[in-house]
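Below: the structure, in structure tokens.
The values are calculated or read from the model by the stated rules, or taken from the named source; none is laboratory data. These figures come from a predicted structure and were not determined experimentally. Glycine also receives a Cβ, built like all others from the backbone with ideal geometry; neighbour counts cover every protein chain displayed. With ligands, DNA and RNA removed, areas are computed over all heavy atoms of the protein, side chains included. Shrake-Rupley method; radii C 1.70, N 1.55, O 1.52, S 1.80 Å.
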Amino acid sequence: MKNEKEIAAEIREKLALKQPETAVILGSGLSGFTQKLENQQSLKYKDITDFPQTSVSGHKGELIHGYIGNKEIICLNGRFHLYEGHKPQTIARVVRVLKNLGIKRLIVTNAAGSLRRDMAPGTLMIIKDHINFSAQNPLIGPNDDAYGPRFPAMNNAYTEHLRNKCKIIAHKMDIPITEGTYFMVMGPNFETAAEVKAFGILGGDAVGMSTVPEVIAATHCGMEVLGISVITNYAAGLVNNTPTHQETLAEADKASERLSALVTEFIKEEE
Ligand code: HPA
């Protein structure tokens, strides 16, 4: 089994990478961003030795390399969820491949359900903080000190200056944006109405089934993180409703252009 460094070396060679510093992980129904990448080349996950494989509909499985202006970008179109049966350590492995590619900044996007009646579907929410309710952690097991400490701090996981910059850019582009706490559950079922009520009381603004393991692994190995949720639905029962995956994909698709434009501009304005 190849280690993360060896996998990164294979990717670097197959895609003739220079030095990308930003990677983007795309959530359900949000692959529209890939169209923003110029001079792009991709590798299917299955063509990368020992890279994990994805399975959900709405999630492809390819690593894309391309440019936004003069910024070299890696994009993961297709993410790894715990509910697919992936071990949390598999998610750490993917993030560490990015680390070995020289990635310093990780932009994560996802579709999420609103836990607040005043945050309607279609809203973009910058993730300010998270609550890990998955009872899983990508850092379980022996710690590899080469990546980070045994007990990493997580209170500044969502880098403040990136959040501020994202807000300023959204404002300039006239894209309404809010900020909130992402509440992660393992899934795959949508929540019960009682859970939705409880998660709101606990401090969550949006609920979803991804992102947190990636952010924990990325923070552990010293990456800066920007997270953006697309609110695709009210969480179950909040407005007497029953969410579906089709609704998630349809709403994500509607918001995808706005999100892609925002992330593109954010990357362009990076130092
Ligand atoms: N719950 C959990 N995950 C989700 C939701 C939801 O309502 N919407 C999109 N992802």
Among DSSP beta bridges lying fully in the chain, give the percent that are antiparallel, nearest 5. 35
Rounded to whole Hz, the Karplus (6.51, -1.76, 1.60) HN-Hα couplings of region 243-253, x for glycine and proline: x, 9, 5, 4, 4, 4, 5, 5, 5, 4, 4
Calculated Rg and Dmax of region 4-268 using C-alpha coordinates, Å: 17.3, 52
For region 1-122, rounded, prolate or oblate, judged on the Cα gyration tensor with a ≥ b ≥ c (square roots of eigenvalues), a/c < 1.5 rounded, else prolate if a/b > b/c? oblate
Quote the FRET efficiency, to the nearest 0.05, computed for Lys254 versus Ala16 with a Förster distance R0 of 41 Å and r equal to the Cβ-Cβ distance. 0.70
Sequence order, region 90-99: Karplus ³J(HN,Hα) from phi using 6.51 cos²θ - 1.76 cosθ + 1.60, θ = phi - 60°, Hz rounded, Gly and Pro as x, gives 5, 5, 4, 4, 5, 5, 6, 4, 4, 4
Over region 79-179, with the other protein chains present, what is the accessible area per residue in square angstrom, probe 1.4 angstrom? 47
Of every hundred units of 1.4 Å-probe accessible area on region 4-268, the number belonging to carbon and sulfur atoms, as a percent, is 51
